[in-house]
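To start, the structure itself, in structure tokens.
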Amino acid sequence: MRIPRNQPVTRILGTLVGAGFLAMGGYAMLGADDSVPAFVRERAWWFGATATIGGVWAIAVSWLDPDLSGVWCRPPRSPRDLRG
């Protein structure tokens, strides 16, 4: 498996987004103490698990997909393309 080296800025920004999701997910899963009601802790834990999965996905796709043009931010269509 090759790691593509094109589009380095998009890959680094995607990695930073993924790291942010991992940090938010970890804090949501592990940050609550006993002063928070149990049902709120459970919701926070599952939100954290979902954010962690999203962070892992963002980092993996940022470095494994050979072409990121349609993954993160597709460039807007030109008005000339819309005319037909």
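Placing +1 on each Lys and Arg Cβ and -1 on each Asp and Glu Cβ, with no other charges, gives the chain a dipole about its Cα centre of roughly 560 debye. Accessible surface computed residue by residue for the chain, with neighbouring protein chains in place and a 1.4 Å probe, gives 78 Å² per residue. Computed 3J(HN,Hα) for the stretch 14-23, one whole-Hz value per residue from the Karplus formula 6.51 cos²θ - 1.76 cosθ + 1.60 where θ = phi - 60°, is x, 5, 5, 4, x, 5, x, 5, 5, 5, glycine and proline marked x. Computed 3J(HN,Hα) for the stretch 35-45, one whole-Hz value per residue from the Karplus formula 6.51 cos²θ - 1.76 cosθ + 1.60 where θ = phi - 60°, is 6, 8, x, 4, 5, 6, 4, 5, 5, 5, 5, glycine and proline marked x.
All Cα-Cα distances of the chain, cut into 5 Å bins from zero to the largest, leave 3, 15, 17, 14, 12, 11, 10, 7, 5, 3, 1, 1, 0 percent in each bin in turn.
Amide H contacts of Ala32 (H built 1.01 Å from N, in plane; Pro and chain starts excluded): no residue 5 or more places away or on another chain comes under 5 Å. If the chain linking Thr10 and Arg77 were pulled fully straight, counting 0.36 nm for each residue of separation and taking away their Cα-Cα distance, it would gain 22.2 nm.
Simple rule: put +1 on each Lys or Arg Cβ and -1 on each Asp or Glu Cβ in the stretch 11-84, find the dipole, and look at Leu68, Gly31, Ile12; the Cα lying farthest toward the positive end is Leu68. Within the accessible area of the chain, the carbon and sulfur atoms contribute 67%, probe 1.4 Å, all protein chains present.
The values are calculated or read from the model by the stated rules, or taken from the named source; none is laboratory data. Worth saying up front: this structure is predicted, and the values here are computed from it rather than measured. Cβ: placed from backbone, ideal geometry, glycine included. Neighbour counts: every protein chain shown. Side chains included, ligands, DNA and RNA excluded: accessible areas come from the protein's heavy atoms. Shrake-Rupley method; radii C 1.70, N 1.55, O 1.52, S 1.80 Å.
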